[in-house]
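All remarks here apply to the structure that follows.
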Amino acid sequence: MIIDGKKIAETLRQKLKKEIIEIKSSFKSVPGLTVILIGEDAASKIYVKNKEKFSKEIGINSEVIKYPENIEEKEVLTKIIELNKNKKVSGILVQLPLPKHINKQKVIETILPEKDVDGFHPINVGNLSSGYDSKIPCTPLGCFILLKEIEKNLSGKHAVVIGRSNLNGKPMAQLLLKENCTVTITHSKTKDLKSQCNKADIIIAAVGKPKLVKGDWVKKNAIVIDVGINKTSDGIVGDVDFNEVSKVARAITPVPGGVGPMTIACLLRNTVECFKRANS
Ligand code: NAP
């Protein structure tokens with residue numbers, strides 16, 4: 001089975017759109033998302049454009065603040081502090097990567113945890129790893145929603161997460177642990193990754209290596225979620241060899257059209273959640 005991330009993301013957006021209509025009639029205001037974009041990174045510009053487009057489509061009040069590459073860190077931090085105080089702004093996102101002279105951690109920590117739609121603030125990271133309610137990073141949240149579409153009860157399943165980034169691997173592992181999975185986190189120093197994957201009921205690949213996961217790495221009927229987005233001469237491919245793995249897996253996400261569309265849908269979901277929290 002091929003997991004249709006596009007369709008599931010569309011369903012989530014439609015649900016949020018309805019919710020925002022209700023919010024508007026009850027609160028006479030709508031959730032607001034402010035994205036800060038620094039510099040000219042081509043991929044970042046596309047991501048931000050899509051975030052703006054989908055926000056507007058479902059009724060979120062979307063604003064993009066653009067700064068040149070050489071903007072001073074202090075000016076960015078001052079703007080975030082101003083946005084923190086602005087009641088019309090439910091969520092703040094600073095598009096990564098940042099220019100080298102800007103301290104990423106400082107930027108992340110300046111965003112109020114309550115408005116941290118990316119779930120990167122240490123308070124949100126801590127809450128997630130403590131099993132408390134928290135903002136959840138958009139891509140792992142998207143993977144989690146896709147997984148739950150296929151398997152409602154994840155308890156006792158063995159999940160192997162490939163990659164341990166703060167963005168993907170680590171929060172993904174925490175989400176799976178919260179669902180009572182047995183979780184193995186693997187990374188570039190893991191020995192014999194194939195044999196780790198062979199034990200998995202669920203594989204989440206968030207590596208950045210084209211077609212790393214092969215057909216004979218995957219147990220029959222495993223569920224495989226491919227986070228990877230890799231530009232190759234064959235076009236965009238994931239971290240999983242789709243042709244091989246789709247023959248053995250019970251369900252698999254394609255690239256593109258799997259996890260990617262879920263990331264933005266989950267950003268919209270997080271923005272609506274921030275609004276609801278602030279107004280409850
Ligand atoms: P990252 O920060 O570069 O982390 C990659 C992780 O993979 C690291 O933990 C690294 O291990 C591990 N790794 C590297 N080579 C490995 C190998 N041969 N075997 C096992 N593990 C290995 O990347 P990321 O930000 O998590 O992104 C991962 C992929 O997801 C990229 O392709 C990215 O473009 C994509 N992505 C997609 C979305 C989406 O919306 N679909 C969103 C974000 C990212 P070490 O820690 O030991 O270095």
Mind listing just one residue for me: the one in region 24-56 that is open to solvent by less than 40 Å² (accessible area, probe 1.4 Å) and in contact with a Pro (Cβ under 8 Å, 6 or more places away or on another chain) and, of those, nearest to I80 (Cα to Cα)? I38
In region 250-268, which residue that is out of contact with any Gly (no Cβ under 7 Å at 6 or more places or on another chain), in a loop (DSSP other than H, G, I, E, B) and closer than 19 Å to N230 by Cβ is most open to solvent (accessible area, probe 1.4 Å)? P256
Which listed residue is part of a helix (DSSP H, G or I), more than 16 Å from the ligand (Cβ to nearest atom) and over 17 Å from the mean Cα position of the chain (by Cα), from K106, K194, K152: K106
Just a yes or no: is a residue in region 222-234 more than 10 Å from the ligand (Cβ to nearest atom), hydroxyl-bearing (S, T, Y) and buried (at least 17 other Cβ atoms within 10 Å of the Cβ)? no
If the requirement is being more than 21 Å from the chain's Cα centre (by Cα) and modelled with pLDDT under 95, which of these qualifies: D241, D201, D234? D234
Output the residues belonging to region 64-83 that are without any contact (Cβ under 8 Å) to a residue 40 or more places away in the chain, in a helix (DSSP H, G or I), within 26 Å of F54 (Cα to Cα) and not β-branched (V, I, T). E82
Candidate set: region 214-234, residues that are part of a loop (DSSP other than H, G, I, E, B) and of a type in the set (V, I, T); chosen: the one nearest to E149 (Cα to Cα): V227
In region 235-249, what residues are in a loop (DSSP other than H, G, I, E, B) and either more than 9 Å from the ligand (Cβ to nearest atom) or under 20 Å from I46 (Cα atoms) (or both)? G238, D241, S246, K247, V248, A249
Restricting to region 11-36, name every residue that is part of a helix (DSSP H, G or I) and either in contact with a Ser or Thr (Cβ under 7 Å, 6 or more places away or on another chain) or of a type in the set (S, T, N, Q) (or both). T11, Q14, S25, S26
Identify, please: which residue in region 211-221 is of a type outside the set (D, E, K, R) and out of contact with any Asp or Glu (no Cβ under 7 Å at 6 or more places or on another chain) and is, among those, nearest to the ligand (Cβ to nearest atom)? W217
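The values are calculated or read from the model by the stated rules, or taken from the named source; none is laboratory data. Only a predicted model underlies this, so the values are computations on that prediction, with no experimental measurement involved. Glycine gets a Cβ as well: all are built from the backbone with ideal geometry, and neighbour counts include every protein chain shown. Areas reflect the complete protein model, heavy atoms only, side chains present, ligands, DNA and RNA absent. Shrake-Rupley method; radii C 1.70, N 1.55, O 1.52, S 1.80 Å.
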